[in-house]
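Some notes on the structure that comes next.
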Amino acid sequence: MISQKRLDELRRELNKAQSEISTELRTEKSRKRGDMNRKVHEIRQMLTPAYAFMSQAGQDAVVDRYFNHMEGGTFIDIGGYDGVTGSNTVFLEKWRKWTGVLVEPVATHLDRAKKARACPCLGYAVSDTAGTASFINVTEGFTQMSGLSDSYDDGVLKQVRDNPRHKEEAIEVETKPLTAILEEAGIAHPDFVSLDIEGGELAALEVFPFAKHQVGIWAIENNTGSRAISDLMRKNKYDLIDFCGRDEIYAMPKA
């Protein structure tokens with residue numbers, strides 16, 4: 001059992017680390033911010049029992065700050081896994097009364113999400129086309145990193161498969177473009193879209209009709225750090241406002 005003295009020492013060490021990283025964040029502008037924001041987020045989770053944000057790297061906290069703690073917003077959570085673990089939207093739904101939909105093609109994860117979340121949970125994989133496609137379902141190891149076979153980045157997939165606990169299966173899933181998800185959800189202009197589909201993000205965004213849907217803020221996973229996503233988002237008038245882990249956060253400039 002850890003003594004109170006040791007607990008106090010650990011708390012001081014965590015507070016010091018948080019202060020040092022927060023100071024660095026004031027001037028750091030590069031992708032290094034992603035890992036730094038993740039570390040601060042994890043420290044706050046350890047230090048503060050009332051800290052309710054549940055994302056992997058502070059994405060939900062960034063969205064909450066951006067909207068000034070707004071209640072009643074709307075979200076589209078693409079690649080939502082079980083709806084709770086590392087979720088970018090469960091805080092918004094539970095504490096800010098946001099509504100939206102969660103999209104997850106793996107049946108076991110989808111069933112858990114349906115039990116844990118109030119929002120509708122849809123069993124699709126988001127792609128650039130509607131139809132069916134082969135999907136790599138990671139059943140052991142990095143189970144949050146399943147994705148469409150055709151768009152999965154080779155380097156990232158190798159890292160996933162190098163995990164000693166790794167197991168996977170190939171399944172067929174129904175695919176829909178992102179705009180079709182918004183139409184089915186009845187949310188043409190969501191305040192927040194979280195897009196986490198293990199390498200398929202660029203293809204999904206290249207066919208997305210930006211002029212048709214006004215999205216307030218995006219969290220887009222970019223495992224490889226490719227500039228293609230940032231170039232596309234900038235072309236469509238979005239500013240890159242932060243990094244959270246491997247996610248890039250984009251927002252439409254406020255009036």
DSSP loop (so not H, G, I, E, B), at most 13 other Cβ within 10 Å: list which trypsin sites (Lys or Arg not before Pro) in segment 131-185 pass both filters.
Arg165
Antiparallel DSSP beta bridges within segment 4-251, percent to nearest 5:
55 percent
Long pairs among Lys32/Lys114; Lys39/Lys97; Lys94/Lys176, criterion Cα-Cα beyond 32 Å:
Lys32/Lys114
Fewest to most Cβ atoms within 10 Å: Cys244, Cys119 sort as Cys119, Cys244
Take each of the peptides 9-20, 53-64, average the number of other beta-carbon atoms within 10 Å over its residues, and list them starting from the highest.
53-64, 9-20
Pairwise Cα inverse-distance average, inverted: Kirkwood Rh of segment 4-251 (Å)
18.7 Å
Relative contact order of segment 4-251: what whole-number percent is it, with Cα pairs under 8 angstrom and at least 6 residues apart?
18 percent
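Values in this text are rule-based calculations from the coordinates and carry no lab data. Remember, predicted model here, so these are calculated numbers, not experimental data. Because the Cβ atoms are built from the backbone with ideal geometry, glycine has one as well, and the counts that use them run over all protein chains shown.
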